1. Nearest 10 degrees is fine. How inclined is helix 55-77 to the longest principal axis of the chain, computing both from alpha carbons?
2. Taking Cα pairs under 8 Å and at least six residues apart, what relative contact order does the chain come out at, in percent?
3. Can you give the local net charge around K65? Use residues other than it whose beta-carbon is closer than 14 angstrom to its beta-carbon, Lys and Arg +1, Asp and Glu -1.
4. Determine, from the Cβ-Cβ distance of R15 and V41 and an R0 of 22 Å, the FRET efficiency 1/(1 + (r/R0)^6), rounded to the nearest 0.05.
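Every read-out reported here was derived from the displayed coordinates using simple, explicitly stated rules and does not represent laboratory data. None of these values were measured; they are calculated from a predicted model. Cβ: placed from backbone, ideal geometry, glycine included. Neighbour counts: every protein chain shown.
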Amino acid sequence: MKQRRLHVSYRWARRIVVGLVGGTVLAIGIALIVLPGPAMVVIPVGLAILGLEFAWARRWLRRIKEQSGEILSYFRVGPK
């Protein structure tokens with residue numbers, strides 16, 4: 001029983017730490033949208049950290065990757 005409790009508490013502790021660190025990095029990235037800084041680099045890093053534990057962050061990160069690929073191809077090739 002003690003092993004199970006230890007395993008569950010480790011899982012929750014990891015989830016909380018990932019949430020705090022990823023949320024902080026994401027919040028800094030959002031602040032960098034209006035402040036001078038590399039917001040377009042920091043926001044995906046925050047989502048990648050959150051994506052270690054949360055499915056919604058993985059979906060957002062996948063969507064951002066797809067949209068950034070479309071934007072890059074638009075600038076490389078031009079409008080269709």
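1. Value to nearest ten degrees: 20.
2. Relative contact order comes out at 22 percent.
3. That sum, taken over residues with Cβ under 14 Å, equals +2.
4. 0.30
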